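What follows is a set of notes on a single structure, which appears directly below.
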Amino acid sequence: MIRAVFVALFLLAVPARAEIEIKEVTSPGGITAWLVEDHNIPFAALEIQFKGGTSLDAPAKRGAVNLMTATLEEGAGEMDSRAFAEAREALAADISFDSGSDSVGVSVKFLTENRDQVVDLLREALINPRFDQDAVDRVREQVLSNLRSNEKDPGAIASERFDQLAFGDHPYATTGDGTIETVTALTRDDILAAHKGALARDRIYVAASGDITAEELGVLLDRLLGNLPATGAPLPQDAPWLLPAGVTVVDFPTPQSTVFFGQKGIPRDDPDFFPAFVLNEVLGGGRFTARLMSEVREKRGLTYGIGTYLVNMDHADMLLGQFAASNDKVAEAIQVVREEWGRIVTEGVTPEELETTKTYLTGSYPLRFDGNGPIASILVGMQMDGMPRDYVTTRNAKVEAVTMEDIKRVAARLFKPDDLQFVVVGQPEGL
């Protein structure tokens, strides 16, 4: 079954305005995908996401999904890790796997002439991974090395402490990479269980872009994914929000403190999301004209850079920010952030700020669609966020529709300076 909707996008690789057809394809076996066909170049990209991710780990098995995902390319079927790598290179295929808090991702790019062979190779990795003990041990050492490095990384320390404060005993409270203790204790059986629980048909989201038809994609989906387990491990519940207000200092010997701060955010499907999105860009966007960049960096020279961002996860929504400052300046920087957090509520934004921000957000959005890989990634993300296929045409209109009244209402609703928590990793003076 194929349904199509036409959307207009400004793209880098095509004339100023182009009609792009997003098709919804349902395979004979019932797997759904979104497709953008482009037959100008004999090349296509496929993006697959399995909902759940590292949040599926049991507390004592933290890091199992991450280790499993990192080991998928270390051999499959009759091929050991070297043979798998050689086969991939011979096909000029780009295959990668990654895990996050809410999903396990598979990205693949292939030439049309090698499509069938690449699909067969990827199918072996997904359906029949070897998980040889020597490969598991080798990848485990890489993960452990990263975990040891994180113990000396102020940014990682700040992020992990913030999550601990916010989420209690929910999986979000600890890194999906696991701890040195849990990763060291993982067995091959744990990896097999993580594979069965994370890669299942009841949680698949797929998008494709490039030189492939809807009929070809439908056949490909069943061949590639049809033999996965029907259901996977239960998804976690929504996370509690336990973050206290205040400042938490983690002593760390360094001349510069790293600061991770935030409060509760707003859901992606909330009617006020777009005003909040525009507001955040005014306050903490990466441009030098954003208020925090102007006040904290440009006027006072307290930091090299500062930014805030809305974070929407499957089970929690946050408004986060971060910066680094020398130990003698971090207390002043925190005070300025608090003041700006409150000022956007009491004073709102100027008409000029609103218009320039909307111009930036609407102008930069189409530039993301600059190739088959980015398009497939965007489309699969839209599916996971529950967006309709015409979102790419309505998104800028939603930004443009934000009014000064919306800004005032949502600023009062969302920005809570008294709720901010600042996690400071360093040896700050005056805190």
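The values are calculated or read from the model by the stated rules, or taken from the named source; none is laboratory data. Fair warning: this is a prediction, and the values are worked out from it, not measured in the lab. We place every Cβ from the backbone using ideal geometry, glycine too, and count neighbours over all the protein chains shown.
Values computed for the structure shown
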item: Hits in the range 235-260 - residues which are closer than 30 Å to A401 by Cβ and hydrophobic (A, V, I, L, M, F, W, C); result: W241
item: Scan of the range 385-419 for residues that are assigned to a helix (DSSP H, G or I), of a type in the set (A, V, I, L, M, F, W, C) and surrounded by fewer than 15 Cβ atoms within 10 Å (Cβ to Cβ), ordered by number; result: A397, M404, A412
item: Residue check for A158: buried (at least 21 other Cβ atoms within 10 Å of the Cβ), in contact with a Ser or Thr (Cβ under 7 Å, 6 or more places away or on another chain) and assigned by TED's automatic domain parsing to the domain that holds T187; result: yes
item: Any hit, the range 208-221, residues being out of contact with any strand residue (DSSP E or B) (no Cβ under 9 Å at 6 or more places or on another chain), assigned to a helix (DSSP H, G or I) and not assigned by TED's automatic domain parsing to the domain that holds L361; result: yes
item: Those residues of the range 129-155 which are farther than 13 Å from T71 by Cβ and either surrounded by fewer than 19 Cβ atoms within 10 Å (Cβ to Cβ) or in contact with a Leu (Cβ under 9 Å, 6 or more places away or on another chain) (or both), in sequence order; result: L144, S145, N146, R148, S149, N150, E151, K152, D153, G155
item: Among residues of the range 257-285, those that are aromatic (F, W, Y) and farther than 15 Å from M387 by Cα, counted; result: 3
item: Matching residues in the range 339-358 - criterion: being more than 12 Å from F415 (Cβ to Cβ), of a type in the set (S, T, N, Q) and in a helix (DSSP H, G or I); result: T356, T357
item: Test result for I95, closer than 24 Å to T254 by Cβ and β-branched (V, I, T); result: no
item: So L361, is it assigned to a helix (DSSP H, G or I), in the same structural domain as D328 (by TED's automatic domain parsing) and either in contact with a Phe, Trp or Tyr (Cβ under 9 Å, 6 or more places away or on another chain) or aromatic (F, W, Y) (or both); result: yes
item: Test: G307 is at pLDDT 95 or above, surrounded by fewer than 22 Cβ atoms within 10 Å (Cβ to Cβ) and part of a helix (DSSP H, G or I); result: no
item: So L379, is it over 25 Å from G262 (Cα atoms), under 27 Å from the mean Cα position of the chain (by Cα) and not in a strand (DSSP E or B); result: yes
item: Residues of the range 265-298 classified as farther than 13 Å from L320 by Cα, in contact (Cβ under 8 Å) with a residue 40 or more places away in the chain and part of a loop (DSSP other than H, G, I, E, B), total; result: 6
item: Matching helices (runs of 4 or more DSSP H) fully within the range 51-167 where at least 1 residues are modelled with pLDDT of 95 or more, closer than 30 Å to F323 by Cβ and under 26 Å from the mean Cα position of the chain (by Cα); result: 64-71, 133-150, 154-167
item: Identity of the residue in the range 310-355, of a type in the set (S, T, N, Q) and touching a residue at least 12 places away in the same chain (Cβ under 8 Å), that ends up surrounded by the most Cβ atoms within 10 Å (Cβ to Cβ); result: Q322
item: Among (1) in a helix (DSSP H, G or I); (2) touching a Gly at 6+ places or on another chain (Cβ under 7 Å); (3) closer than 30 Å to I41 by Cα - the single one T182 does not satisfy; result: (3)
item: Residues of the range 222-247 satisfying the condition of being closer than 19 Å to L122 by Cα and not in a loop (DSSP other than H, G, I, E, B); result: D222, R223, L224, L225
